[in-house]
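K.L.:
Right, I'll just put the structure down here and ask away after.
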Amino acid sequence: MDGKILVTGGAGYVGSHVAMALADAGLVPIILDDFSSSSRAVLPRLSALAGRTVEHVEADVRDTAALRKLFHDHPIAAVIHCAGLKGVGDGETRPLAFWDVNVGGTMALAEVMGEAGVARLVFSSSATVYGQPESLPVGEDAPLKPNGVYGRTKRAAEDFLRDLTRANPNWRIALLRYFNPAGAHPSARIGEAPLGRPDNLVPLLCRIAGGGFGELAIFGSDWPTEDGTGVRDYLHVQDLAEGHLAAIRFLATAPGATAFNLGMGRGWSVLEVVRAFEAACGRRIARSFVPRRPGDVACYYADPARAEALLAWRARRDLDAICADAWRWQLAGGGY
Ligand code: UDP
(Lines give C-alpha, C1' and ligand atoms only; values in the text may rest on other atoms or scores of the structure.)
Protein backbone atom coordinates (compact mmCIF):
# COMPACT_ATOMS: atom_id res chain seq x y z
CA MET A 1 0.00 0.00 0.00
CA ASP A 2 1.32 3.45 -0.90
CA GLY A 3 1.46 5.86 1.99
CA LYS A 4 1.55 5.49 5.72
CA ILE A 5 -1.11 4.19 8.05
CA LEU A 6 -1.91 6.57 10.86
CA VAL A 7 -2.53 4.78 14.16
CA THR A 8 -4.11 7.17 16.66
CA GLY A 9 -3.50 6.04 20.21
CA GLY A 10 -0.66 3.99 18.75
CA ALA A 11 1.37 4.05 21.97
CA GLY A 12 -1.47 2.42 23.92
CA TYR A 13 -2.12 -1.24 24.56
CA VAL A 14 -4.09 -2.12 21.45
CA GLY A 15 -2.56 0.61 19.27
CA SER A 16 1.02 -0.52 19.89
CA HIS A 17 0.19 -4.09 18.87
CA VAL A 18 -1.63 -2.75 15.80
CA ALA A 19 1.41 -0.65 14.83
CA MET A 20 3.57 -3.76 15.23
CA ALA A 21 1.24 -5.90 13.12
CA LEU A 22 1.33 -3.26 10.35
CA ALA A 23 5.12 -3.13 10.43
CA ASP A 24 5.30 -6.94 10.39
CA ALA A 25 3.15 -6.92 7.25
CA GLY A 26 5.51 -4.48 5.53
CA LEU A 27 3.21 -1.47 5.94
CA VAL A 28 4.38 1.82 7.42
CA PRO A 29 2.64 2.90 10.63
CA ILE A 30 2.84 6.41 12.00
CA ILE A 31 1.65 6.91 15.54
CA LEU A 32 -0.36 9.81 16.93
CA ASP A 33 -0.53 9.85 20.71
CA ASP A 34 -0.64 12.42 23.47
CA PHE A 35 0.78 9.91 25.99
CA SER A 36 -1.95 10.82 28.46
CA SER A 37 -2.49 7.15 29.22
CA SER A 38 0.49 5.56 27.51
CA SER A 39 4.27 5.73 27.66
CA ARG A 40 6.82 7.21 25.30
CA ALA A 41 9.02 4.23 26.18
CA VAL A 42 6.93 2.05 23.87
CA LEU A 43 8.34 3.89 20.83
CA PRO A 44 11.97 2.67 20.90
CA ARG A 45 10.71 -0.83 21.66
CA LEU A 46 8.43 -0.78 18.60
CA SER A 47 11.27 0.50 16.44
CA ALA A 48 13.60 -2.22 17.74
CA LEU A 49 10.99 -4.94 17.07
CA ALA A 50 10.17 -3.52 13.63
CA GLY A 51 13.82 -3.16 12.67
CA ARG A 52 13.16 0.40 11.53
CA THR A 53 12.13 3.65 13.15
CA VAL A 54 8.41 3.82 13.85
CA GLU A 55 7.49 7.48 13.46
CA HIS A 56 5.26 9.32 15.84
CA VAL A 57 3.61 12.69 16.34
CA GLU A 58 2.75 13.87 19.83
CA ALA A 59 -0.68 15.49 19.88
CA ASP A 60 -4.21 15.17 21.17
CA VAL A 61 -6.57 13.64 18.61
CA ARG A 62 -8.96 16.58 19.16
CA ASP A 63 -6.23 19.02 18.07
CA THR A 64 -7.30 19.72 14.48
CA ALA A 65 -4.33 22.04 13.84
CA ALA A 66 -1.90 19.26 14.78
CA LEU A 67 -3.88 16.78 12.66
CA ARG A 68 -3.81 19.13 9.66
CA LYS A 69 -0.05 19.43 9.96
CA LEU A 70 0.31 15.65 10.24
CA PHE A 71 -1.79 15.02 7.11
CA HIS A 72 0.13 17.79 5.33
CA ASP A 73 3.55 16.45 6.30
CA HIS A 74 2.90 12.74 5.69
CA PRO A 75 1.21 10.79 2.89
CA ILE A 76 -1.54 9.00 4.84
CA ALA A 77 -3.34 6.16 3.04
CA ALA A 78 -5.65 5.10 5.86
CA VAL A 79 -6.30 5.66 9.55
CA ILE A 80 -6.75 3.22 12.43
CA HIS A 81 -8.40 5.20 15.20
CA CYS A 82 -7.56 3.67 18.58
CA ALA A 83 -7.19 6.89 20.57
CA GLY A 84 -9.80 7.22 23.26
CA LEU A 85 -10.66 6.88 26.90
CA LYS A 86 -11.64 3.43 28.08
CA GLY A 87 -12.99 1.83 31.19
CA VAL A 88 -16.56 1.13 32.15
CA GLY A 89 -16.12 2.40 35.71
CA ASP A 90 -14.07 5.44 34.74
CA GLY A 91 -16.67 6.53 32.21
CA GLU A 92 -19.34 6.78 34.86
CA THR A 93 -17.35 9.36 36.82
CA ARG A 94 -15.98 11.34 33.85
CA PRO A 95 -18.78 11.62 31.26
CA LEU A 96 -17.62 14.97 29.87
CA ALA A 97 -14.08 13.74 29.23
CA PHE A 98 -15.32 10.47 27.69
CA TRP A 99 -17.75 12.20 25.32
CA ASP A 100 -15.23 14.87 24.42
CA VAL A 101 -12.35 12.52 23.65
CA ASN A 102 -14.23 9.53 22.24
CA VAL A 103 -16.87 11.35 20.21
CA GLY A 104 -15.26 14.79 19.79
CA GLY A 105 -11.92 13.16 18.94
CA THR A 106 -13.55 11.00 16.26
CA MET A 107 -15.28 14.07 14.79
CA ALA A 108 -12.05 16.09 14.75
CA LEU A 109 -10.23 13.25 13.03
CA ALA A 110 -12.99 12.80 10.43
CA GLU A 111 -13.04 16.53 9.72
CA VAL A 112 -9.32 16.59 8.90
CA MET A 113 -9.43 13.28 7.01
CA GLY A 114 -12.20 14.75 4.89
CA GLU A 115 -10.14 17.85 4.12
CA ALA A 116 -7.13 15.70 3.28
CA GLY A 117 -9.14 13.33 1.08
CA VAL A 118 -8.29 10.29 3.21
CA ALA A 119 -11.40 8.12 3.33
CA ARG A 120 -10.38 4.78 4.84
CA LEU A 121 -10.92 4.48 8.56
CA VAL A 122 -10.80 1.56 10.99
CA PHE A 123 -12.48 2.46 14.27
CA SER A 124 -11.82 0.86 17.68
CA SER A 125 -15.25 0.11 19.01
CA SER A 126 -16.23 -2.22 21.79
CA ALA A 127 -18.61 -5.05 22.52
CA THR A 128 -19.92 -2.83 25.32
CA VAL A 129 -22.08 -1.20 22.61
CA TYR A 130 -24.39 -4.22 22.88
CA GLY A 131 -25.09 -3.97 26.61
CA GLN A 132 -26.97 -6.94 28.02
CA PRO A 133 -27.29 -9.31 25.04
CA GLU A 134 -30.70 -10.73 24.25
CA SER A 135 -29.26 -13.88 22.73
CA LEU A 136 -25.89 -15.58 22.38
CA PRO A 137 -23.59 -15.52 20.56
CA VAL A 138 -23.88 -11.78 19.88
CA GLY A 139 -24.06 -10.90 16.19
CA GLU A 140 -23.36 -7.47 14.73
CA ASP A 141 -27.05 -6.87 14.05
CA ALA A 142 -27.99 -7.27 17.71
CA PRO A 143 -29.54 -4.13 19.22
CA LEU A 144 -27.07 -1.55 20.50
CA LYS A 145 -28.12 -0.82 24.06
CA PRO A 146 -25.01 0.08 26.05
CA ASN A 147 -25.69 0.47 29.74
CA GLY A 148 -22.87 2.87 30.60
CA VAL A 149 -21.14 6.07 29.52
CA TYR A 150 -18.19 4.33 27.90
CA GLY A 151 -20.39 2.13 25.71
CA ARG A 152 -22.63 5.06 24.81
CA THR A 153 -19.66 7.11 23.58
CA LYS A 154 -18.59 4.20 21.38
CA ARG A 155 -22.12 3.80 20.01
CA ALA A 156 -22.34 7.56 19.34
CA ALA A 157 -19.02 7.54 17.49
CA GLU A 158 -20.25 4.55 15.44
CA ASP A 159 -23.51 6.39 14.65
CA PHE A 160 -21.57 9.45 13.55
CA LEU A 161 -19.32 7.37 11.28
CA ARG A 162 -22.33 5.60 9.74
CA ASP A 163 -23.88 9.04 9.09
CA LEU A 164 -20.70 10.10 7.30
CA THR A 165 -20.82 7.14 4.94
CA ARG A 166 -24.51 7.75 4.21
CA ALA A 167 -23.82 11.36 3.28
CA ASN A 168 -20.68 10.67 1.30
CA PRO A 169 -20.16 7.27 -0.31
CA ASN A 170 -16.43 7.88 -0.60
CA TRP A 171 -15.97 6.96 3.04
CA ARG A 172 -14.95 3.38 3.78
CA ILE A 173 -15.19 2.56 7.43
CA ALA A 174 -14.78 -0.59 9.52
CA LEU A 175 -16.21 -0.53 13.04
CA LEU A 176 -14.34 -3.14 15.06
CA ARG A 177 -16.16 -4.26 18.18
CA TYR A 178 -13.57 -5.75 20.48
CA PHE A 179 -14.61 -8.38 22.98
CA ASN A 180 -12.05 -8.89 25.81
CA PRO A 181 -8.51 -8.30 24.51
CA ALA A 182 -5.77 -9.74 26.70
CA GLY A 183 -2.21 -11.04 26.51
CA ALA A 184 0.88 -9.33 25.15
CA HIS A 185 3.35 -9.47 22.30
CA PRO A 186 5.30 -12.76 22.57
CA SER A 187 8.57 -10.80 22.75
CA ALA A 188 7.39 -9.43 26.11
CA ARG A 189 8.58 -6.00 24.89
CA ILE A 190 5.12 -4.50 24.49
CA GLY A 191 1.98 -5.17 26.50
CA GLU A 192 -0.69 -3.65 28.68
CA ALA A 193 0.69 -1.29 31.31
CA PRO A 194 -2.16 -0.22 33.58
CA LEU A 195 -1.35 2.32 36.26
CA GLY A 196 -2.28 1.24 39.77
CA ARG A 197 -4.49 -1.75 40.43
CA PRO A 198 -5.90 -2.99 37.11
CA ASP A 199 -9.66 -3.36 36.70
CA ASN A 200 -9.52 -6.01 33.99
CA LEU A 201 -9.17 -9.64 34.87
CA VAL A 202 -6.03 -10.75 33.03
CA PRO A 203 -3.78 -7.77 33.91
CA LEU A 204 -5.01 -8.10 37.47
CA LEU A 205 -4.04 -11.78 37.52
CA CYS A 206 -0.58 -10.79 36.26
CA ARG A 207 -0.15 -8.30 39.09
CA ILE A 208 -1.51 -10.66 41.75
CA ALA A 209 0.73 -13.52 40.62
CA GLY A 210 3.64 -11.08 40.55
CA GLY A 211 3.01 -10.29 44.21
CA GLY A 212 1.94 -7.28 46.22
CA PHE A 213 -1.58 -6.96 44.87
CA GLY A 214 -3.41 -9.14 47.36
CA GLU A 215 -5.99 -11.60 46.16
CA LEU A 216 -8.50 -11.75 43.36
CA ALA A 217 -12.01 -10.70 44.30
CA ILE A 218 -14.31 -12.66 42.01
CA PHE A 219 -17.41 -10.60 41.32
CA GLY A 220 -20.23 -13.05 41.94
CA SER A 221 -20.50 -16.81 42.39
CA ASP A 222 -24.19 -17.05 41.55
CA TRP A 223 -24.39 -16.02 37.91
CA PRO A 224 -26.52 -18.29 35.73
CA THR A 225 -23.42 -19.88 34.19
CA GLU A 226 -21.95 -23.37 34.55
CA ASP A 227 -19.68 -22.57 37.51
CA GLY A 228 -21.52 -19.44 38.68
CA THR A 229 -18.85 -16.95 37.56
CA GLY A 230 -19.05 -14.47 34.70
CA VAL A 231 -18.29 -15.66 31.18
CA ARG A 232 -16.45 -13.51 28.61
CA ASP A 233 -14.90 -13.89 25.18
CA TYR A 234 -11.15 -13.27 25.68
CA LEU A 235 -9.03 -12.79 22.59
CA HIS A 236 -5.30 -12.43 22.21
CA VAL A 237 -4.23 -8.85 21.50
CA GLN A 238 -2.07 -10.18 18.65
CA ASP A 239 -5.16 -11.68 17.00
CA LEU A 240 -6.98 -8.41 17.59
CA ALA A 241 -4.13 -6.47 15.98
CA GLU A 242 -4.22 -8.77 12.96
CA GLY A 243 -7.95 -8.06 12.69
CA HIS A 244 -7.11 -4.39 12.09
CA LEU A 245 -4.75 -5.33 9.31
CA ALA A 246 -7.46 -7.48 7.73
CA ALA A 247 -9.90 -4.56 8.05
CA ILE A 248 -7.51 -2.18 6.30
CA ARG A 249 -7.24 -4.65 3.42
CA PHE A 250 -11.02 -5.09 3.33
CA LEU A 251 -11.52 -1.34 2.96
CA ALA A 252 -9.51 -1.32 -0.25
CA THR A 253 -12.65 -2.61 -1.99
CA ALA A 254 -15.58 -2.21 0.42
CA PRO A 255 -17.70 0.95 0.44
CA GLY A 256 -19.83 2.13 3.36
CA ALA A 257 -19.52 1.36 7.06
CA THR A 258 -19.33 -2.24 8.25
CA ALA A 259 -19.32 -3.44 11.85
CA PHE A 260 -17.30 -6.51 12.83
CA ASN A 261 -17.15 -8.46 16.05
CA LEU A 262 -13.60 -9.38 16.95
CA GLY A 263 -13.69 -12.22 19.43
CA MET A 264 -12.97 -15.93 19.71
CA GLY A 265 -16.61 -16.90 19.43
CA ARG A 266 -16.71 -18.72 22.76
CA GLY A 267 -16.62 -17.80 26.41
CA TRP A 268 -14.54 -18.65 29.44
CA SER A 269 -15.64 -18.24 33.04
CA VAL A 270 -13.59 -16.29 35.56
CA LEU A 271 -12.62 -19.58 37.23
CA GLU A 272 -11.52 -21.07 33.91
CA VAL A 273 -9.32 -18.02 33.28
CA VAL A 274 -7.87 -18.26 36.78
CA ARG A 275 -7.02 -21.95 36.26
CA ALA A 276 -5.42 -21.30 32.87
CA PHE A 277 -3.42 -18.47 34.37
CA GLU A 278 -2.27 -20.61 37.30
CA ALA A 279 -1.05 -23.22 34.82
CA ALA A 280 0.80 -20.56 32.82
CA CYS A 281 2.56 -18.98 35.78
CA GLY A 282 2.96 -22.06 37.99
CA ARG A 283 1.61 -20.16 41.00
CA ARG A 284 -1.63 -20.31 42.89
CA ILE A 285 -3.88 -17.28 42.68
CA ALA A 286 -5.46 -16.46 46.04
CA ARG A 287 -9.10 -15.55 45.52
CA SER A 288 -12.36 -15.01 47.27
CA PHE A 289 -15.90 -14.40 46.14
CA VAL A 290 -17.47 -10.99 46.58
CA PRO A 291 -20.85 -9.63 45.43
CA ARG A 292 -21.49 -8.94 41.77
CA ARG A 293 -20.03 -5.76 40.27
CA PRO A 294 -22.74 -3.25 39.25
CA GLY A 295 -23.31 -3.20 35.51
CA ASP A 296 -21.79 -6.66 34.89
CA VAL A 297 -23.62 -9.23 32.79
CA ALA A 298 -23.53 -13.00 33.25
CA CYS A 299 -22.23 -14.06 29.90
CA TYR A 300 -21.37 -12.76 26.52
CA TYR A 301 -19.37 -13.94 23.58
CA ALA A 302 -19.13 -13.00 19.94
CA ASP A 303 -20.49 -14.45 16.78
CA PRO A 304 -17.35 -13.73 14.73
CA ALA A 305 -18.73 -15.22 11.49
CA ARG A 306 -18.85 -11.91 9.61
CA ALA A 307 -15.17 -11.20 10.29
CA GLU A 308 -14.32 -14.70 9.11
CA ALA A 309 -16.39 -14.35 5.95
CA LEU A 310 -15.49 -10.80 4.92
CA LEU A 311 -12.08 -10.23 6.51
CA ALA A 312 -10.79 -13.82 6.29
CA TRP A 313 -9.85 -13.31 9.94
CA ARG A 314 -10.30 -15.44 12.98
CA ALA A 315 -8.62 -15.49 16.37
CA ARG A 316 -6.04 -18.28 16.31
CA ARG A 317 -4.40 -18.04 19.73
CA ASP A 318 -6.11 -19.77 22.64
CA LEU A 319 -6.56 -18.88 26.30
CA ASP A 320 -3.35 -20.70 27.25
CA ALA A 321 -1.38 -18.51 24.81
CA ILE A 322 -3.07 -15.41 26.21
CA CYS A 323 -2.07 -16.36 29.75
CA ALA A 324 1.46 -17.43 28.79
CA ASP A 325 2.16 -14.19 26.94
CA ALA A 326 0.56 -12.03 29.63
CA TRP A 327 2.70 -13.75 32.27
CA ARG A 328 5.90 -13.43 30.21
CA TRP A 329 5.18 -9.69 29.94
CA GLN A 330 4.63 -9.51 33.70
CA LEU A 331 7.92 -11.33 34.36
CA ALA A 332 9.65 -8.78 32.13
CA GLY A 333 8.31 -6.01 34.37
CA GLY A 334 4.75 -5.64 33.09
CA GLY A 335 5.27 -2.02 32.13
CA TYR A 336 7.54 0.58 30.61
N1 UDP B 1 -13.75 -9.91 37.23
C2 UDP B 1 -13.67 -10.36 38.55
N3 UDP B 1 -12.83 -9.71 39.41
C4 UDP B 1 -12.05 -8.64 39.01
C5 UDP B 1 -12.14 -8.20 37.68
C6 UDP B 1 -13.01 -8.87 36.80
O7 UDP B 1 -14.36 -11.30 38.94
O8 UDP B 1 -11.35 -8.09 39.84
C9 UDP B 1 -14.66 -10.59 36.30
C10 UDP B 1 -15.78 -9.70 35.77
O11 UDP B 1 -16.90 -9.73 36.66
C12 UDP B 1 -16.08 -10.34 34.42
C13 UDP B 1 -14.71 -10.84 33.96
O14 UDP B 1 -13.92 -10.96 35.17
O15 UDP B 1 -16.94 -11.47 34.56
C16 UDP B 1 -14.00 -9.89 33.01
O17 UDP B 1 -13.99 -8.59 33.56
P18 UDP B 1 -13.17 -7.40 32.90
O19 UDP B 1 -13.31 -6.21 33.79
O20 UDP B 1 -11.78 -7.87 32.59
O21 UDP B 1 -13.88 -7.18 31.50
P22 UDP B 1 -15.39 -6.75 31.11
O23 UDP B 1 -15.95 -7.91 30.36
O24 UDP B 1 -16.12 -6.45 32.36
O25 UDP B 1 -15.19 -5.56 30.24
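The values are calculated or read from the model by the stated rules, or taken from the named source; none is laboratory data. Computed from a predicted model, the values in this text were never measured in an experiment. All Cβ positions, glycine included, derive from the backbone under ideal geometry; neighbour counts span all protein chains shown. For accessibility, only protein heavy atoms count, side chains too; no ligands or nucleic acids. Shrake-Rupley method; radii C 1.70, N 1.55, O 1.52, S 1.80 Å.
K.L.:
Tell me, what % of the accessible area of the chain is carbon and sulfur with a 1.4 angstrom probe?
P.N.:
51
K.L.:
Right, another one. Taking a probe of 1.4 Å, how large is the accessible area per residue of the chain, in Å²?
P.N.:
Per-residue accessible area for the chain comes out at 41 Å².
K.L.:
Trypsin sites (Lys or Arg not before Pro), restricted to segment 279-312: which are DSSP loop and have at most 10 other Cβ atoms within 10 Å?
P.N.:
ARG284
K.L.:
Another question, then. Might you work out the accessible area of VAL61 for me, using a 1.4 Å probe with all protein chains in place, and round it to the nearest 10 Å²?
P.N.:
Approximately 10 Å² of VAL61 is accessible to the 1.4 Å probe.
K.L.:
Calculate how steeply helix 64-73 sits against the longest principal axis of the alpha-carbon atoms of the chain, using the helix alpha-carbon long axis, and give the answer as 0 to 90 degrees to the nearest 10.
P.N.:
Tilt of helix 64-73: around 70 degrees.
K.L.:
Tell me, Kirkwood radius of the chain from alpha-carbon pair distances, in Å?
P.N.:
The Cα-based Kirkwood calculation yields 20.1 Å.
K.L.:
Roughly how tilted is helix 270-281, in degrees to the nearest 10 and between 0 and 90, from the longest Cα axis of the chain?
P.N.:
The angle comes out at about 90 degrees.
K.L.:
State the Kirkwood hydrodynamic radius of segment 71-114 in Å, one decimal place, computed from all pairs of distinct Cα atoms.
P.N.:
11.8
K.L.:
While we're on this one: Which is the longest run of the chain containing none of the GluC sites (Glu not before Pro) found in DSSP loop states (not H, G, I, E, B) with at most 11 other C-beta atoms within 10 Å?
P.N.:
1-133
K.L.:
LYS86: which lysines have alpha carbons under 23 Å from its alpha carbon, excluding same-chain residues fewer than 8 sequence positions away?
P.N.:
LYS145, LYS154
K.L.:
If you take every DSSP beta bridge whose two residues both sit in the chain, what share of them, in percent to the nearest 5, is antiparallel?
P.N.:
Beta bridges within the chain, antiparallel portion: roughly 5 percent.
K.L.:
Cα axis of helix 149-167 to longest principal axis of the chain: angle in degrees, 0 to 90, nearest 10?
P.N.:
It is inclined by approximately 30 degrees.
K.L.:
Sticking with this structure for a sec: Ranked by accessible surface with a 1.4 Å probe, highest first, in what order do ARG155, ARG293, ARG314 come?
P.N.:
So, going from the largest accessible area down, we get ARG314, ARG293, ARG155.
K.L.:
Roughly how many whole Å is it from the C-alpha centroid of segment 1-78 to that of segment 272-335?
P.N.:
27
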